[in-house]
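Quick notes on the structure that follows.
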Amino acid sequence: MAEMEVPVLCYWNGRIEYGSNGVYYDRSTPRMIKVKRKTELSILLDQLYLLTGLDVDDRRSKVRIFGRFPSVVQQQSMLQFLLLPVVNDSSLETMLEVPSKYPSIKNVELYLEVKSDGVVESAACSPLLANPGSSLKRQRTDIPVKLEKGNSNGWIEDEDEEDVDVGNGRDGDMTNKSSGSDAVAQVVNLTEDNNISHKDLNKDSNSGVSKPCLSSLWLDDRDLRVGLCFRDGDELKKAVDWCSIKGEKKCVVREAGKDECMFECVRWKCKWSLGAARMEKHGLFEIIKYTGPHTCCLTDPEDFKSEFEEDEIERAVRDNPTLSIAELKKWWKEKFSYELKTDVMGAAKKEAIKRVFGDWDQIFEDLPKLMAAFHSSNGLLVDWKYDVFPNPKFASFCGVFWAFSQSIEGFKHCRPLIIVESKDLNGKYPMKLMIASGVDAANKYFPLAFAVTKDVSTDIWSWFLTGIRVKVTQRKDLCLISSPHPNIVAVLNEPGSQWQEPWAYHRFCLNRFCTQFGAGFSDYTLTDLVRRAGSTSQKEKFDSYMKVIEKRNIEARKWLDQFPQSQWALAHDSGRRYGIMKIDTTSLFRFFQFANHALTGYVLLMFDELRYSFEESFAESRASLNFGDVYTEPVMDKLEEFETSSVTYVVMPIDNNAFKVTTPSKNDEWIVQLSDCTCTCGEFQSCKFPCLHALAVYKQLKINPLQYVDDCYTLERHCKTYAATFSPVPELSAWPEASGVPTLFPPVIPPAPPAPPAPPTVSGKSQRKTTPKPTTKKS
């Protein structure tokens with residue numbers, strides 16, 4: 001089988017440049033040659049001499065070869081290309097293997113630097129890892145080095161050729177040898193099996209004065225050490241990059257100046273680092289700090305991209321965990337010159353938060369500082385609940401209540417309605433999340449206040465609801481929707497409670513009410529009748545359902561009668577709940593859909609979602625206003641439904657500004673009263689914007705129906721709801737201590753009650769099943 005040939009594009013008479021994808025060749029048209037995979041460098045050189053038109057016997061002409069070598073994967077079809085000097089058979093083979101290892105690359109690219117009569121005609125113009133716009137100049141050295149053909153130090157020459165500089169760099173790197181001078185330095189080959197000691201190499205043969213150890217560029221990682229010198233920063237960067245390629249590692253410049261630079265492994269958990277600076281005593285760049293070897297694993301090219309992104313984002317999150325996704329995307333673009341998608345950045349930040357703030361025991365130290373940072377930067381209102389130890393400087397965590405000032409300001413423009421609910425938080429310490437939410441002009445939940453507690457009881461609900469009334473809103477005529485849990489009902493019925501009429505009106509979530517009913521009456525049909533009775537907006541239908549329930553089970557009717565009908569039936573609500581009959585817990589807790597996060601991580605990600613929700617909702621409502629829209633989607637959808645409906649309504653006037661609306665095909669009829677904005681269907685007064693029957697009347701009378709829509713549905717109100725902006729939060733190192741909060745320890749979780757006794761066995765003996773007590777960490 002014939003040996004495979006590799007197409008090679010040869011460039012010369014141009015210049016090497018650096019762009020967003022790394023190195024490339026400019027101002028030159030390539031010539032292609034075919035090269036076998038196992039070709040020796042000397043044979044390739046013979047072809048290149050013919051290709052460039054140079055005389056192979058002209059000792060004054062030489063060719064220096066650089067390859068365009070792929071390295072860090074940045075995007076799915078893009079690579080970062082580095083400059084790889086081709087100095088021996090091994091480095092040539094490395095370049096010729098590129099198409100087989102990277103299927104997207106069809107050709108090998110070689111850049112030729114032709115040196116004739118002491119002049120380099122096409123030279124590299126930029127260091128491997130330097131900024132393309134930098135103006136670093138290479139420093140000359142007075143140490144000439146005679147290089148042998150096939151060695152690993154850069155130039156490919158015969159043994160008897162003139163002395164040349166060891167540097168692999170820009171024009172002017174040659175050291176002019178003075179006539180009559182026979183001072184020739186030995187070749188420095190820093191390998192473990194080198195028989196020549198560094199001490200001998202660093203001494204002048206005539207004076208015995210110690211000279212700096214001038215390094216070869218083509219070291220192994222193990223050869224880097226303190227005291228090793230390089231001609232300049234460019235040469236050092238090339239050497240470090242070469243070590244990275246050979247060792248399958250990735251190193252980047254973390255800090256760089258004119259006379260100093262610092263390298264680190266891209267895997268920030270790896271301990272490898274190198275620092276170098278220009279020393280006045282010899283003018284060379286000398287390694288002054290080195291920590292090695294690498295403590296990370298070898299890089300898999302396919303997995304490196306995602307791992308690199310995760311590590312870099314985690315590094316940024318450790319410094320400032322409250323950076324928004326937009327801020328992180330901007331930072332990434334500026335640092336790495338390519339963009340990450342929003343969903344990729346969001347997922348990476350969530351994982352970084354989980355790793356950085358995943359310790360449940362650490363949350364009792366981190367959370368007070370985080371709340372203090374939110375308070376100082378965004379006016380967060382916070383209230384702590386804890387059990388003080390005998391030493392008042394220490395306490396056991398019971399709960400924390402918080403509300404952002406932006407939410408408090410925005411709620412002033414929402415309808416007078418609040419929904420409260422709680423859910424379990426899984427983790428090392430079982431806790432409860434409590435939330436209070438309003439409803440905005442677009443019928444979406446508006447997060448208002450939060451609390452995390454060790455349990456939910458009458459005392460906790462009292463503390464939470466009092467916090468809402470004292471710290472968040474003092475509005476009158478509020479409608480409060482909750483579950484019919486006895487703890488909540490007991491708190492609201494306490495004497496002097498500001499959640500009683502006329503300050504507030506309590507309503508039940510119909511789903512939770514039906515669940516509580518079903519627990520006492522195991523009859524699916526009865527439960528369904530209760531749901532139908534509660535959800536209808538027509539009083540006649542409500543009465544009909546109640547009669548069926550009474551006929552089927554008199555005890556069920558008695559159970560229902562112990563609750564005011566206004567608390568659970570839409571037909572008797574008087575429009576307090578704006579047609580909202582159930583609590584959509586998925587939407588209500590959408591800011592807390594983060595699995596396997598500790599509490600601090602929950603709060604950080606919730607802040608991200610809340611801030612994004614404000615920015616997005618404000619931008620959308622502002623755009624709609626600029627387009628001339630007046631009302632939000634729920635109203636406009638109802639108008640569109642009426643306009644596209646195939647039903648024809650017959651409108652007949654009745655005395656006292658009332659109208660009867662019927663359909664020709666059905667016997668149904670509805671009475672619309674324009675003076676008090678009501679319809680016997682109940683929808684007009686429940687939702688507080690015209691129903692289909694009222695719209696038929698307005699169309700008959702040629703009246704603008706929008707004047708009968710409640711102001712809570714206007715886009716102007718929606719825009720004001722989300723107008724408040726969030727301020728930047730300090731970096732983690734600048735989070736202040738929480739004032740007045742003692743050092744907190746994990747909550748004391750009471751042991752679970754013992755399980756009830758098991759039923760007797762056949763033999764008459766009884767068995768008792770016990771539940772072991774959970775272990776608690778002592779503070």
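We did not get these values from a lab; they are worked out from the coordinates using the rules stated. The model shown is predicted, which means the values in this text are computed figures rather than measured ones. Cβ: placed from backbone, ideal geometry, glycine included. Neighbour counts: every protein chain shown.
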Taking Tyr631, Tyr338 and counting other C-beta atoms within 10 Å, the order from fewest to most: Tyr338, Tyr631
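Given the Cα-Cα distance of Cys297 and Gln707 and 0.36 nm per residue of separation, how much length would full extension add, in nm?
On the way: separation 410, 0.36 × 410 = 147.60 nm, distance 6.91 nm.
140.7 nm is the gain from fully extending Cys297 to Gln707.
Which whole-number percent gives the relative contact order of the stretch 510-578, counting Cα pairs below 8 Å spaced six or more residues apart?
Working: 59 pairs, mean separation 20.9, N = 69.
Once divided by the residue count of the stretch 510-578, the mean separation gives 30 percent.
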Among Ser324, Ala352, Ile313, which residue has its Cα furthest toward the positive end of the charge dipole of the stretch 310-356, with +1 on Lys/Arg Cβ and -1 on Asp/Glu Cβ? Ser324
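Between beta-carbons, use under 15 Å as the cut-off and find the net charge around Ser376, counting Lys and Arg +1, Asp and Glu -1. The partial results should precede the final answer.
Values: positive: Lys369; negative: Glu731, Glu737.
My count for the surroundings of Ser376 gives -1.
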Plugging the Cβ-Cβ distance of Phe563 and Asp387 into 1/(1 + (r/R0)^6) at R0 = 35 Å yields, to the nearest 0.05, a FRET efficiency of 0.50
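Cut-off is 10 Å between beta-carbons; in what order do Leu228, Leu604, Leu41 appear when sorted fewest neighbours first?
On the way: Leu228 25, Leu604 22, Leu41 19.
Listed from fewest to most nearby Cβ atoms, that is Leu41, Leu604, Leu228.
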Cα-based Rg and Dmax for the stretch 516-620, where Dmax is the largest Cα-Cα distance (Å): 19.9, 55
Other residues with Cβ under 13 Å from the Cβ of Leu715 give, with Lys and Arg +1 and Asp and Glu -1, a net charge of -3
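Between Asn13 and Arg318, what length in nm is gained on full extension when 0.36 nm per residue of separation is reduced by their alpha carbon distance? Provide the component values of the computation, followed by the final result.
Details: separation 305, 0.36 × 305 = 109.80 nm, distance 4.83 nm.
Difference between extended and current length: 105.0 nm.
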For the stretch 310-356 the mean separation of alpha carbon contacts under 8 Å (6+ apart) over residue count, i.e. relative contact order in percent, is 51
Mind giving me the nanometre distance, one decimal, between the label points for Lys269 and Ser100, set 7 Å out from Cα along Cα→Cβ? 3.4
How many angstrom lie between the C-alpha centres of the stretch 370-395 and the stretch 548-596? 36
Can you flag which of Lys36/Lys101; Lys541/Lys660; Lys638/Lys720; Lys471/Lys688; Lys638/Lys702 are past 21 Å Cα-Cα? Lys638/Lys720; Lys471/Lys688
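Could you sort out which of Lys258/Lys289; Lys393/Lys454; Lys350/Lys428; Lys333/Lys369; Lys329/Lys349; Lys354/Lys428 sit more than 22 Å apart by Cα distance in this structure?
On the way: Lys258/Lys289 17 Å; Lys393/Lys454 20 Å; Lys350/Lys428 19 Å; Lys333/Lys369 30 Å; Lys329/Lys349 11 Å; Lys354/Lys428 14 Å.
Distance filter (> 22 Å) returns Lys333/Lys369.
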